[in-house]
1. Wholly within the range 106-204, which helices (runs of 4 or more DSSP H) include no fewer than the required count, namely at least 3 residues that are away from the ligand (no atom under 16 Å from the Cβ) and either of a type in the set (A, V, I, L, M) or out of contact with any Asp or Glu (no Cβ under 7 Å at 6 or more places or on another chain) (or both)?
2. Please verify whether Ala216 is modelled with pLDDT under 95, in contact with a helix residue (DSSP H, G or I) (Cβ under 7 Å, 6 or more places away or on another chain) and part of a helix (DSSP H, G or I), treating the condition exactly as stated.
3. Looking only at the range 160-170, decide whether some residue is surrounded by fewer than 20 Cβ atoms within 10 Å (Cβ to Cβ) and either more than 27 Å from Ser191 (Cα to Cα) or without any contact (Cβ under 8 Å) to a residue 12 or more places away in the chain (or both).
4. Quick check: anything in the range 103-118 of a type in the set (A, V, I, L, M), over 15 Å from Arg198 (Cβ atoms) and modelled with pLDDT under 95?
5. For the range 160-180, which positions are farther than 15 Å from Pro133 by Cα and among the polar types (S, T, N, Q)?
6. Given the condition among the aromatic types (Phe, Trp, Tyr) and within 11 Å of the ligand (Cβ to nearest atom), answer yes or no: does some residue in the range 207-217 qualify?
Amino acid sequence: MLRFFRAPSQVEHESGRIWAASALALLAVMMALLLILRPPKTDLTPPPLRAEWLPYFETHVSSCRGSLSAAGFQTRIVPDLNRTPQCGYRDVVELMQPAGSAPIQTSCALAAGLALWRRNVVEPAAQRRFGQPLASINPLGAYACRRIAGRRDGRWSEHAHANAIDVGGFTLADGRTITVLQSWHTPALESAFLHDVRNGGCRIFQGVLSPDYNRAHANHLHLDMGAYKVCH
Ligand SMILES: [Zn+2]
């Protein structure tokens with residue numbers, strides 16, 4: 001008589017256990033291999049928009065733009081300008097300003113510095129000193145193919161690579177404009193505001209030059225991301 005359901009023999013029982021253990025071990029090895037060999041996770045999160053990241057942004061423009069975008073600042077890529085070894089630029093961006101003001105074209109690291117300066121220094125100073133939101137930062141110019149201070153010889157300016165900007169003044173939401181030329185020394189309130197934004201700029205940019213530096217800067221704040229740390 002056939003026995004369909006017989007108890008496994010001792011040998012069959014042992015071999016079943018060995019088989020199950022081997023299968024489990026194989027599964028564990030495969031899972032370990034999968035964990036080891038999986039492709040590295042791509043980190044698409046841009047660095048935070050903070051002053052300590054600005055030097056990194058000088059050579060990592062896509063991270064710079066990503067960081068600006070994540071912080072709510074819009075940029076647009078500007079076509080490269082190849083002129084001479086001393087002049088021209090690559091990877092320049094246009095930083096949009098709110099309220100329909102003219103956009104600012106600079107290197108991305110400098111644009112990131114300007115965005116930080118606007119958000120963390122200029123806007124709070126406008127509120128503190130005037131009780132007004134800021135409407136715009138008013139640049140006098142950024143890119144210019146020239147040497148420092150417009151001399152005929154000597155080092156080329158950071159302006160020659162759009163890595164510097166001259167800011168002539170600021171406009172508040174009520175339409176009032178404060179210029180460096182007219183208000184650096186007086187009246188007291190405007191002067192305090194301008195000194196606030198100069199001092200705050202020194203914590204963000206590499207180079208900051210104001211009317212305190214020399215007469216060539218009587219009408220603007222020079223801000224740059226060059227190699228030299230200066231604050232006057
Ligand atoms: Zn300048």
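The values are calculated or read from the model by the stated rules, or taken from the named source; none is laboratory data. Values in this document were obtained by computation on a predicted structure and should not be read as measured data. As a convention, Cβ positions derive from the backbone with ideal geometry for all residues, glycine included, and neighbour counts pool all protein chains shown.
1. Numbers: elements: 108-117, 123-130, 180-183, 188-202.
Ranges flagged: 108-117, 123-130, 188-202.
2. Values: modelled with pLDDT under 95: yes; in contact with a helix residue (DSSP H, G or I) (Cβ under 7 Å, 6 or more places away or on another chain): yes; part of a helix (DSSP H, G or I): yes.
Answer is yes for this residue.
3. no
4. Yes, that holds for at least one residue.
5. First pass over the range 160-180, keeping only residues farther than 15 Å from Pro133 by Cα: 160-168, 179-180.
Asn163, Thr179, listed by residue number.
6. yes
A quick yes/no check of all residues on (1) among the β-branched types (Val, Ile, Thr); (2) closer than 21 Å to Ala188 by Cα; (3) under 14 Å from the mean Cα position of the chain (by Cα); (4) surrounded by 22 or more Cβ atoms within 10 Å (Cβ to Cβ):
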{"residue": "Gly88", "(1), (2), (3), (4)": "no, no, no, no"}
{"residue": "Asp91", "(1), (2), (3), (4)": "no, no, yes, no"}
{"residue": "Ala102", "(1), (2), (3), (4)": "no, no, no, no"}
{"residue": "Ala109", "(1), (2), (3), (4)": "no, no, yes, yes"}
{"residue": "Ala112", "(1), (2), (3), (4)": "no, no, yes, yes"}
{"residue": "Arg119", "(1), (2), (3), (4)": "no, no, yes, no"}
{"residue": "Arg129", "(1), (2), (3), (4)": "no, yes, no, no"}
{"residue": "Ile137", "(1), (2), (3), (4)": "yes, yes, no, yes"}
{"residue": "Ala142", "(1), (2), (3), (4)": "no, no, no, yes"}
